[in-house]
Amino acid sequence: MAEADEKLEVEGCGFLCVHEKVVEKVQHELPQEETLLRLADLFKVFGDGTRVRILFVLLTAEVCVCDLAKLLGMTQSAVSHQLRVLKQARLIKARRDGKTVFYSLADDHVATLLRQGMEHVCEGSGGECGE
C-alpha cells in the first residue's frame, strides 16, 4: 500500500483504505455545495417527459404555444405551465412578434445537454433510438 494511503477501522469492515492524494485533489476541485444543488435543480427540470419533449421541439425550431399544443396534443394552458417552468430554469427564452410569443432554447448549452443526453440514452441500443 502507498505511503499516502491510510488504514482506518470501520465497523463491519476489516479496514478502509483512503487514498489521501485522490481525496485532497477531489476536495479542491469539487464545486461549492450551493452550485451542486443548483445543478441538481436543473436536472430535476429534465425529469418531466413533457418538458423534455418541449425542449426537443425547440431544438428543431422556434415555435409559439399554439404550435407546441398541436405538436404535443396538449392544451395551450398545459403547455404554458411547462413553458413557465422551463423559463424559470433559464432553459428557454421568449420573443414577441406582434401578439404572438415565440419560444426557443435559451442558448447552445441547452442544445448540448439535450444532444449529449440523447447520445447517452441511445448509446447501448445499437443505434436504434426511435428517431
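Throughout, read-outs are computed from the coordinates displayed, never taken from laboratory work. Predicted model only: the values in this text are computed from it and were never measured. In this analysis, Cβ positions are derived from the backbone assuming ideal geometry, glycine residues included, and neighbour counts consider all displayed protein chains.
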#### Entry: Extension gain, PHE43 back to LYS25 (0.36 nm per residue minus Cα-Cα distance, nm)
3.9 nm
### Query
So how far apart, in nm, are the two label points at THR112 and GLN32 if each is 7 Å from Cα heading toward Cβ?
2.2
### Task
Over 26 Å, how big is the tail of the calculated P(r) for the chain, in percent of all Cα pairs?
46
### Task
Keeping to pairs on different chains or 8 or more places apart, tell me how many lysine pairs in the chain have Cα atoms under 22 Å apart.
8
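Add -39500 (n - 2.57) for each DSSP H run of 4 or more in the chain, then divide by its residues: what number comes out at 222 nm, to the nearest 500 deg cm²/dmol?
Value at 222 nm, helices only: -17000 deg cm²/dmol.
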### Task
Between LEU71 and ALA94, take the C-beta separation as r, use R0 = 22 Å, and let me know the FRET efficiency to the nearest 0.05.
0.80
### Task
Would you grab the residues whose amide H sits under 5 Å from the one on PHE102? Only those 5+ places off in sequence or on another chain, please, with H modelled 1.01 Å from N.
ARG95, ARG96, ASP97
### Query
How large is the charge dipole for the chain, taken about the Cα centre, if only the Cβ atoms of Lys, Arg (+1) and Asp, Glu (-1) carry charge, to the nearest 20 debye?
1300
#### Entry: the chain: relative contact order as a whole-number percent, Cα under 8 Å and 6+ apart
16
